[in-house]
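Here's the structure we're looking at; comments come further down.
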């Protein structure tokens, strides 16, 4: 069986790339495709076992390395240029464009969908607002996104089987594409996080500082709780703004290497998470340390945090909602060993077994029907 693995793009080592790492652990013989590949060598060795990626013409466009997303209007054309006719199995890893590759009736195309492209659908209005387009550029952006949405729905029919990374994304796939999906939660390397029973008296949050992650909201809430310490890890476009509003009980430590991040996370009284995420790996990593999670009650957090046992869920993305849930949290007792036990069900080993079993079964069924 000849296999191709197509990912949207390679430029960081994020949650989607952890999924790619596991795919390459299960199957060693993929041919790799993506719109662009700007990984450094250490990340390439981890994610792709050093493999070469077949890239599109966008790889060579000026400024693509610094901002490939500005060529959005070219993405559909670029992804359709890959000739995959020689492969028996095409596995796409898609939060944007990868599922739009062209396949034929003799090939099985399975898409592991991290999300339908959010900036074209549920984050459409937020994307336009935050981009600060002028009138003409705004009209052009709306036209491009309108055409992208039409293309996105049409190319969903090119996928034979959808796998969703959570029940939340399964619902979005049904809403946008009217397709059913199998849910297989993404891999979390829980074994690399140690249980710490003794917690210290601070709260912790970590994320890239972009608007939808809601780090500013968390900071503003803790500004009203001067007796409670908050440590914030991460950087990004909103870092300076957030630092300028943070009061003395809030410490911004910037981007942290993995071991330092684990140190803060494992000793925190709780991990605070206010984003509406598709799945959200870092709250599971926090639980793997035995650290309870205080999270927004939408998206993947509803599936990874057991309310009242491994953390608490709040219902509104407001300062008051966070302040109230912190007050409730401090009246309760959480047991670190039980918190960690919940994280184990999202392990990397579990993901790799589920994926291998599911893909093998579906491929055998597909071949038997031919």
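Across the stretch 49-67, what is the number of residues that are crowded, with 18+ Cβ neighbours inside 10 Å and part of a strand (DSSP E or B)?
So the first thing to find is which residues in the stretch 49-67 are crowded, with 18+ Cβ neighbours inside 10 Å, and the list is 53, 55-56, 58-59, 64.
From what's left, part of a strand (DSSP E or B): 53, 55.
Qualifying residue count, the stretch 49-67: 2.
Among 33, 46, which is the only one that is over 17 Å from the mean Cα position of the chain (by Cα) and either modelled with pLDDT under 95 or surrounded by fewer than 18 Cβ atoms within 10 Å (Cβ to Cβ) (or both)? Even if it seems obvious, please write down each step before you answer.
Details: 33 fails: either modelled with pLDDT under 95 or surrounded by fewer than 18 Cβ atoms within 10 Å (Cβ to Cβ) (or both).
When all the criteria are applied, what remains is 46.
Every residue in the stretch 255-271 that is in a loop (DSSP other than H, G, I, E, B) and surrounded by 22 or more Cβ atoms within 10 Å (Cβ to Cβ), please. Steps first, please.
Restricting attention to the stretch 255-271, the residues satisfying the condition of being in a loop (DSSP other than H, G, I, E, B) are 255-257, 268-269.
Answer for the stretch 255-271, where residues must be in a loop (DSSP other than H, G, I, E, B) and surrounded by 22 or more Cβ atoms within 10 Å (Cβ to Cβ): just 268.
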How many of the residues making up the stretch 101-131 are modelled with pLDDT of 95 or more, outside any loop (DSSP other than H, G, I, E, B) and closer than 20 Å to residue 150 by Cα? 2
Counting residues that are within 17 Å of residue 203 (Cβ to Cβ), which helices (runs of 4 or more DSSP H) fully inside the stretch 294-359 reach at least 3? 319-329
Kindly provide the set of residues from the stretch 234-252 that are in a helix (DSSP H, G or I) and more than 27 Å from the chain's Cα centre (by Cα), ordered by number. 244, 245
What number goes with the only condition from (1) part of a helix (DSSP H, G or I); (2) under 19 Å from the mean Cα position of the chain (by Cα) that residue 147 does not pass? (2)
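Being surrounded by 24 or more Cβ atoms within 10 Å (Cβ to Cβ), over 18 Å from residue 207 (Cα atoms) and not assigned by TED's automatic domain parsing to the domain that holds residue 114 is the requirement here; does residue 290 meet it?
So residue 290 passes the test.
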Quick check on my filter: what residues within the stretch 15-48 are closer than 21 Å to residue 101 by Cβ and in a loop (DSSP other than H, G, I, E, B)? 27, 29, 35, 36, 38, 39
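Residue-by-condition table, conditions (1) surrounded by fewer than 18 Cβ atoms within 10 Å (Cβ to Cβ); (2) in contact with a strand residue (DSSP E or B) (Cβ under 9 Å, 6 or more places away or on another chain); (3) over 17 Å from residue 258 (Cβ atoms):
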| residue | (1), (2), (3) |
| --- | --- |
| 174 | yes, yes, yes |
| 182 | yes, yes, yes |
| 187 | no, yes, no |
| 194 | yes, no, no |
| 214 | no, yes, yes |
| 217 | no, no, yes |
| 220 | no, no, yes |
| 226 | yes, no, yes |
| 229 | no, yes, yes |
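Touching a residue at least 40 places away in the same chain (Cβ under 8 Å) and either more than 11 Å from residue 159 (Cα to Cα) or surrounded by fewer than 18 Cβ atoms within 10 Å (Cβ to Cβ) (or both), is that true of residue 109?
Details: touching a residue at least 40 places away in the same chain (Cβ under 8 Å): yes; either more than 11 Å from residue 159 (Cα to Cα) or surrounded by fewer than 18 Cβ atoms within 10 Å (Cβ to Cβ) (or both): no.
Here the answer is no, as residue 109 does not meet what is asked.
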Output for the stretch 308-336, where each listed residue is surrounded by 13 or more Cβ atoms within 10 Å (Cβ to Cβ) and closer than 16 Å to residue 291 by Cβ: 309, 310, 311, 312, 313, 325, 326, 329, 334, 335, 336
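The values are calculated or read from the model by the stated rules, or taken from the named source; none is laboratory data. In this text the structure is predicted, and so the values were computed from the model without any measurement. Using ideal geometry, Cβ is built from the backbone for each residue, glycine included, and neighbour counts are taken over all protein chains shown.
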